[in-house]
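The values are calculated or read from the model by the stated rules, or taken from the named source; none is laboratory data. Predicted model, so just to flag it, every value in this text is computed and none were measured. Ideal geometry is used to build each Cβ from the backbone, glycine not excepted, and the neighbour counts take in all protein chains shown. Only protein heavy atoms, including side chains, enter the accessible area calculation; ligands, DNA and RNA are left aside. Shrake-Rupley method; radii C 1.70, N 1.55, O 1.52, S 1.80 Å.
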Amino acid sequence: MIVRFFVRMIVLVVFADFGSIGFGRSLAALLWMSTILSAVIGAMRREPLLDAVLNHWDETVAYAALCCLVMGFD
């Protein structure tokens with residue numbers, strides 16, 4: 001999950017750099033969409049919320065936290 005998270009973050013940062021509305025706003029929008037996508041995937045796979053291993057729900061929380069951080073700076 002950690003490798004998947006960092007690979008997705010690199011892709012999100014690259015796409016946000018090409019955004020026409022600015023880097024911060026583009027990154028916040030992409031992080032919000034990633035939050036929703038990870039939550040949907042976690043629900044579809046019926047992964048437990050508080051599991052011993054990292055899963056899509058943990059990734060959802062990480063994307064949401066980063067989204068709030070980016071929106072706070074923007």
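Within region 48-65, being under 16 Å from residue 1 (Cα atoms), open to solvent by 40 Å² or more (accessible area, probe 1.4 Å) and not aromatic (Phe, Trp, Tyr) holds for 48, 49, 50, 51, 52, 53, 54, 58, 61. Against the definition (among the hydrophobic types (A, V, I, L, M, F, W, C), out of contact with any Ser or Thr (no Cβ under 6 Å at 6 or more places or on another chain) and in contact (Cβ under 8 Å) with a residue 12 or more places away in the chain), how does residue 69 come out, yes or no? When the stated conditions are applied, residue 69 does not pass them.
Residues are listed down the side, and each one gets a yes or a no for (1) more than 18 Å from residue 60 (Cα to Cα); (2) in contact (Cβ under 8 Å) with a residue 60 or more places away in the chain; (3) among the aliphatic types (A, V, I, L, M); (4) open to solvent by less than 30 Å² (accessible area, probe 1.4 Å):
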{"site": "3", "(1), (2), (3), (4)": "no, no, yes, no"}
{"site": "7", "(1), (2), (3), (4)": "no, no, yes, no"}
{"site": "10", "(1), (2), (3), (4)": "no, no, yes, no"}
{"site": "13", "(1), (2), (3), (4)": "no, no, yes, no"}
{"site": "18", "(1), (2), (3), (4)": "yes, no, no, no"}
{"site": "23", "(1), (2), (3), (4)": "yes, no, no, no"}
{"site": "38", "(1), (2), (3), (4)": "no, no, no, yes"}
{"site": "41", "(1), (2), (3), (4)": "no, no, yes, no"}
{"site": "44", "(1), (2), (3), (4)": "no, no, yes, no"}
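When region 19-47 is filtered for residues that are more than 17 Å from residue 6 (Cα to Cα) and in contact with a Leu (Cβ under 6 Å, 6 or more places away or on another chain), nothing remains.
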